[in-house]
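Presented below is the structure to which this report refers.
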Amino acid sequence: MLETGISAPDFTLCDQDGKEVRLSDFRGKKVVLYFYSKDNTAGCNKQACGFGELYPQFVEKGAEVIGISKDTVASHRKFADKFELPFTLLADPEKEVLQLYDVLKEKTMYGKKVMGTVRTTYLINEEGIIEKAFGKVKPGENPAQMLGEL
């Protein structure tokens, strides 16, 4: 996990519509940048739907919500449509941004060691500085927690 007080590394990824999005495009706004494991899994659905429900309140506070996983653009499109998600989902199938933000870690799954995404959320301020960083967040609580941080 990256430390607070540093510049959030800039990146370019494609969103659920295949459009290139840069983190720096959001300068002047707060950004809730959350990393999750996989579209259409129980915890990730709960977290995404929570952000979706609270999204108007994030916008009222001048913040944008961005979710990133290793899923593809097509997977994100289906995920966003299924749950009517109003915010940006970015596809990182090469796992470059996951590594850049230090959220790709060795985990044990069914007794085997695998590399996986640790559910992590960053609050980035208007100048692109990481204000807060939360690792191993609880998917059902994270959206309200982040709204409270704003």
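Contact map, segment 74-99: first residue at positive phi, second residue in a strand (DSSP E or B), Cβ cut-off under 9 Å, separation 6 or more or different chains; pairs are LYS95/LEU104; LYS95/MET115; LYS95/THR117.
Which members of segment 79-99 meet the condition of being hydrophobic (A, V, I, L, M, F, W, C) and not in a helix (DSSP H, G or I)? If the condition is that a residue be hydrophobic (A, V, I, L, M, F, W, C) and not in a helix (DSSP H, G or I), then LEU85, PHE87, LEU89, LEU90, ALA91 are the ones that fit.
Checked against (1) assigned to a helix (DSSP H, G or I); (2) in contact with a Gly (Cβ under 7 Å, 6 or more places away or on another chain); (3) at pLDDT below 95, ALA48 meets all criteria but (3). When we screen GLY18, GLY5 for residues that are touching a residue at least 60 places away in the same chain (Cβ under 8 Å), loosely packed, with under 13 Cβ neighbours inside 10 Å and not aliphatic (A, V, I, L, M), the only hit is GLY5.
Each row is one residue, and each column tells you yes or no for (1) surrounded by 13 or more Cβ atoms within 10 Å (Cβ to Cβ); (2) outside any loop (DSSP other than H, G, I, E, B).
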{"residue": "GLY28", "(1), (2)": "no, no"}
{"residue": "CYS44", "(1), (2)": "yes, yes"}
{"residue": "GLU64", "(1), (2)": "yes, yes"}
{"residue": "ILE68", "(1), (2)": "yes, yes"}
{"residue": "ARG77", "(1), (2)": "yes, yes"}
{"residue": "ASP102", "(1), (2)": "yes, no"}
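Out of all the residues in segment 1-27, which are at pLDDT below 95 and either among the aromatic types (Phe, Trp, Tyr) or in contact with a Gly (Cβ under 9 Å, 6 or more places away or on another chain) (or both)? Answer for segment 1-27, where residues must be at pLDDT below 95 and either among the aromatic types (Phe, Trp, Tyr) or in contact with a Gly (Cβ under 9 Å, 6 or more places away or on another chain) (or both): just MET1.
The number of residues in segment 82-132 being of a type in the set (Phe, Trp, Tyr), closer than 24 Å to PRO56 by Cβ and within 12 Å of the chain's Cα centre (by Cα) comes to 2. Scanning segment 111-139 for residues that are closer than 16 Å to VAL32 by Cα, of a type in the set (Lys, Arg) and without any contact (Cβ under 8 Å) to a residue 40 or more places away in the chain yields LYS136, LYS138. Just to be sure, is ASP81 acidic (Asp, Glu) and surrounded by 15 or more Cβ atoms within 10 Å (Cβ to Cβ)? In short, no.
The values are calculated or read from the model by the stated rules, or taken from the named source; none is laboratory data. Because the structure is predicted, anything quoted here is derived from the model rather than measured. Ideal geometry is used to build each Cβ from the backbone, glycine not excepted, and the neighbour counts take in all protein chains shown.
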